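Input: a single structure, listed below in C-alpha cells.
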Amino acid sequence: MSIIGFTSFGFTLKSSKQNLPVVASACSPAREDSEENGFGALRRRTATTGWRTYRRPAEKSGGHAVGRSPIIPYAFSVPDGWEEVSKEEKMSSTTNQVIRCKAAVAWEAGKPLVMEEVEVAPPQKMEVRIKILFTSLCHTDIYFWEAKGQNAVFPRIFGHEAGGVVESVGEGVTDLQPGDHVLPVFTGECKECAHCKSEESNMCDLLRINTDRGVMIHDQTSRFSINGKPIFHFVGTSTFSEYTVVHVGCLAKINRLAPLDKVCILSCGISTGLGATLNVAKPKKGSSVAIFGLGAVGLAAAEGARMAGASRIIGVDLNANRFELAKNFGVTEFVNPKDHKKPVQEVIAEMTNGGVDRSVECTGHIDAMISAFECVHDGWGVAVLVGVPHKDAVFKTSPLNLLNERTLKGTFFGNYKPRSDIPSVVEKYMNKELELEKFITHQVPFSEINKAFDLMLKGEGLPCIIRMDGNKRSPRSTFRHKRKSNNKVIFVNVPLVKEERRRGVLLPPNLSPTYSITSSKAMGSTGNIKSRVFGPPTSTPCTRSHQIGALALVAITFFATRLLDQSFSSSISSSSTFDANGYESNVIRFSEDEGSVRWPGRGYGSYLSLKIYVYDENEIDGLKQLLYGRDGKISADSCLKGQWGTQVKIHKLLLKSRFRTHKKSEADLFFVPSYVKCVRMMGGLNDKEINQTYVKVLRQMPYFRLSGGRDHIFVFPSGAGAHLFKSWATYINRSIILTPEGDRTDKRDTSAFNTWKDIIIPGNVDDGMTTKGARLVDPLPLSKRKFLANYLGRAQGKLGRLQLIDLSKQFPQKLECPELKFSGPEKLGRTDYFLHLRNAKFCLAPRGESSWTLRFYESFFVECVPVLLSDHAELPFQNVVDYSQISIKWPSSRIGVQLLEYLESIPDKRIEEMIERGRKVRCLWVYGSDLEGCSAFSGILWELQRKTRKFHQSTETFWLHNGSIVNRDLMEFHKWKLPVPLP
C-alpha cells in the first residue's frame, strides 16, 4: 500500500510559462513531524522507492498560487496531475545564495553588542546553514566578550547555546536535511578520529573547541561579513545571528517534538554539569555528593545527582542567596565557606563522617578544586573537576590523598559526544526524567540581547533565553512563507495545524486556516505595507462519490482500529507476569528481572504528571513540633523504625521528587509532613498538644481552607492512628490519608480511613532486608526449612493470635509461634528475628495491630508465602496487583487444624512458583526514589494520580446547582474559617 503524508518543505509550484519556484519554505521550522504538516506538498512512501514528494498544478490567482493544497488521506494514491518534486527543488530558494539577516555583533571587548545586518554565505563542504530560533547566554560568552587575559578576536558574533532548523546543507552532508531540528555545540564529533571512535573520550581531534579560531575549518575564512568585511565566528557556532553556518560535526539532530525554547540550553552548561555527575562521578543510589558552585552548571550537576538517587546533596557556594533556589534541584544541605573558620573540606568531612562519596567542582577557582578533591572519602571517593581555572593556576595537594585511594577526574562537556549523546539527553527531557524549565529564569527578545548580558553580569537568575523572532509564541505555531513576485516579496503567515498527542499518535484536527498576506516593494522595505486576508482556497466540489469514499474510509479505519486494539490487548494479556502456570493477570506487568514494573494506563494515565507541594517545616508555625516534638529533640532518623518510618520516608522522598513543585498555585496536591506517632511514643507531644498543634497548623493553610482539605495528603501509621488528631473527623475527613494499616478500614468509629479517597501503602520493612545486594538474612531453600508455618508476634489479646499460639502447642513440629520479647534484656534482635521468620514455608499474618501488616511484607524478603488471616484486610495497589498469585488469604474464623492440613497439601513446586512471583512484586514494598523502575513511592504516586480529583465527595461535603461546594452550614469552603484550638 502507498502511504501519503505531508512535508514540511512547503509547496513548490511551477508556472505554465516558466519553471519558477514561487514558494520557498524550507527555511521555516518544521512542526511536529514531516509527514503531518499538511502544507500542500504530499509525501508518498512505497517499499521500493522510499519517500517521494509531489505537488499539484498551481491554481492561478493573478499569476501566483495562493493558499494550501487539499489534504489527501493516507490510503489514497497520488492524485492525477500532481508532479514529483526533485530533491533540489525541495531545498530552500535561498540555497547557494547569500542571506541577509540580523546579528548581534561585538565590535570591541566589553562594549555592548550592536544589532547589524550581516551577510551569511552559503555552507561549504561538510557545513550546514541553520536558522536560529532560540539562543541562550552562557558565562563563556561573557568571559571571551570581556577578553580579560584572552586573545581579543573582534569583530565577532558570540553565542553557542541555541536551537534551530536546518536551512541548507553543503557538499558531503548526508545525515541532515532542510527542516531538521538541531542543537549547535561548541565542540564536535567527526566520527573518524581516534577520540570519536573511542567510547571513553569526546575530545574530537578535528572539531575540539578552539576559542581563538574565528573562521571555518574548511577554507579558513568566515561565513559572516558586513559590506565585504569579515566578521569572526565564535567556537564554530555564533548563534547570536538569525542564520549561522556550522560544521556538520557540531550539530546534534534532535526530536522535532522537543520545544527548542527549552532544549536549547542543552548545548553547553546544563549538559556539562549533568554529564559530570551522571557520566563521570557516577554516584550510587543513596550516596552523598558535594557540589562546589551553584550556578547553572553546578545546579545541573546537582540535578544529575538527584536523578542518580543520591541521598545527600551538599551545595557549597559563597552566595547564600543561591541556597533556596538550589533546593529545587535536589540540594539537601548547604555550606558557605565564609561561615566557617576551618577549611571547607574539613567541614564537609565532619558532616559526612569522613567525606562525601562524590564531589563535582563547577567554579574554576583553584582553591575550590583542591577542596573538592580533599573533601571526598578515602578509599572510594571521586572528585570531578568541571570549571576552567586560570591558565597560571597550580593544583597543590598532598600525594597521600591519592595514595589513600581518592580519585581525581576531569571532564569536558560532561563526557557527552555531541552527535551521538545529546539527542538522548533531549529524550530524557521528553520523557520527564529531566526538568529544564526550572533552569530558565528570564526571556528577552533578540533586540534586547544586551539586557541578557546585564542580567548575567549582575548575577541575577540562571540562563536567559533569547527569542530570535522577538515574540513569545512557540516556534511551531506559525510558518512564514516567502515568495517572489517580480519586484515584490510576499510573506504568507500560515497558522500551523494544532496537534495533540494521544497515546503516541498525532491527531490533526480542523485544517481550514485563514491566510494573511503582506506585500512590500523590496526585501527589507518598511514602507507602503499593505495587508490582505484571504479565505481558504477554492477546490474541487465534493461529490456523492467523494462522500461515499470518505464514509467507507472511516468505517474501514474504525474496524481496523478495533481489531488492532483487541490484538494489542490480547498480546498484553498473554505476556502478563503470572502466566507460566496457567495464571493470568493483565493489571500490572513486571519485568523478568526484579526491579522494573509497567503501570497500567487504565484509570491511572499513560505517565505520571503530578505536581505536589510539600509544606516546609519553617513555613508554618507548629509544623516543627509535629515533626520533632515540643523541644525539637526528636530526630527524623530515630523515627525510621517500624510503621512510623513510613511518615519519614515518604516525606524525604517527596522533598527530592521530580514531581515536587515549589509553587502552590500550580500544585495538584499538598503534602502535610508530620511524625506524630513517633513524637507521641517518644514523649515529644501528648495527645492534647498534638490535637491543638494540628488545628493551629491547618489554620495557617489557605489552600486547605479553599478545598476543605480534599487535596491535602496526610500519612498515619494506621487509619485508626489518625485518632492522635482527635478532631480528624472535623478537619481531614475529606483529605487523602496514606496508611499501611489495611486491617483497620472496617472500624469507621475509630478509623479516618475511607476506601474511596484514601490509599493503603506498603509497610516499612527493615532497610537491612530491602537493600539490593547483601541483606541481613538470606532465604533458605525449602528443603532446609524446619517448620511448615510460623507466626512471630505478640498476642495482644487478639482471638486469632491466641488460637495460633494454642495450635502451635498442639503441633510444635509444624507451627512455630514463640513468645517473643520485643523489649527488655531478652528482646529479639533484628537478625535473630529474620532468622526465625525465614525458617518456615508459610508466614502467618493474623489481623490486629501493626505487626501483621509488617509481617506480610517481610515475608517476601525471607521468601516464605504470606498467609493473611483476616476478613477485612485491604492491600496496597490492590487494583493492579493480583495478590492471589503471590499470597493466601484464609478466613480468620477457620484458624485451626484445617489451616495446617491445607498448607501441608500444597506441593513445594507450587510454593516455589508463588515465591518466584513474589520476587518480582516485592520491589513495590521498597521505599526508593520515583526515578527507580519499581518502588513503593512510585506506586503511591500512581495511586495519588488516580485519586487526584475535583469531585468533593464526603459525608460533610455538599454542592449546589451553581457548582458551589459547601459544608453542612451551607458555607462555601473558601469562606470557611477553622475554629479555635480545642481546650
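Site pair LYS633 and LYS285 shows an inter-label distance of 3.7 nm when each label is modelled 7 Å from Cα along Cα→Cβ. With a Förster radius of 45 Å applied to the beta-carbon distance between ALA194 and GLU904, the computed FRET efficiency rounds to 0.10.
For the pairs LYS131/LYS611; LYS131/LYS417; LYS285/LYS920; LYS641/LYS688; LYS772/LYS909, note any where the Cα-Cα span goes beyond 31 Å.
Listed pairs above 31 Å: LYS131/LYS611.
By accessible area, using a 1.4 Å probe on protein heavy atoms only, segment 175-238 has 48% of its surface on carbon and sulfur. Between ILE805 and ASP205, the distance separating the two model label sites (each 7 Å from Cα on the Cα→Cβ line) works out to 8.1 nm. Averaged per residue, segment 890-936 has 41 square angstrom of accessible surface, using a 1.4 angstrom probe with ligands and nucleic acids left out. Note on segment 252-345: with neighbouring protein chains present and a 1.4 Å probe, carbon and sulfur make up 51 percent of its accessible heavy-atom surface. Length gained on full extension, SER398 to PHE958, computed as 0.36 nm times the residue gap minus the Cα-Cα distance: 194.4 nm.
Among the listed pairs LYS327/LYS438; LYS111/LYS451; LYS197/LYS262; LYS338/LYS652; LYS432/LYS656, those whose Cα-Cα separation exceeds 23 Å are LYS197/LYS262; LYS338/LYS652.
Treating the Cα atoms of segment 272-383 as identical point scatterers in vacuum, please give the log10 of the normalised Debye intensity I(q)/I(0) at q = 0.17, 0.19 Å⁻¹, two decimals. Calculated log10 I(q)/I(0) at the listed q: -0.66, -0.85.
Among the trypsin sites (Lys or Arg not before Pro) in segment 107-179, which ones are in a DSSP loop with at most 15 other Cβ atoms within 10 Å of the Cβ? Mind listing them?
Filter output for segment 107-179: LYS125, LYS148.
Of the whole protein surface, ASP621 contributes about 80 Å² of accessible area at a 1.4 Å probe radius.
For segment 265-410, the per residue solvent-accessible surface stands at 41 Å², with DNA, RNA and ligands left out and a 1.4 Å probe. Over segment 134-233, the fraction of Cα-Cα pairs per 10 Å bin, rounded to whole percents and listed from the shortest bin up, is 13, 35, 41, 10, 0. Go ahead and collect, in residue order, the members of segment 436-450 whose backbone nitrogen is under 15 Å from a label point 7 Å along the Cα-Cβ direction of LYS102. Taking a point 7 Å out along Cα→Cβ of LYS102, the residues of segment 436-450 whose backbone N falls under 15 Å are 444-450.
With a Förster radius of 60 Å applied to the C-beta separation of ASP212 and ARG894, the computed FRET efficiency comes to 0.10.
The values are calculated or read from the model by the stated rules, or taken from the named source; none is laboratory data. Please read these numbers as outputs of a predicted model, since none were measured by experiment. Please note: Cβ atoms are built from the backbone with ideal geometry, for glycine as well, and neighbour counts cover all protein chains shown. Only protein heavy atoms, including side chains, enter the accessible area calculation; ligands, DNA and RNA are left aside. Shrake-Rupley method; radii C 1.70, N 1.55, O 1.52, S 1.80 Å.
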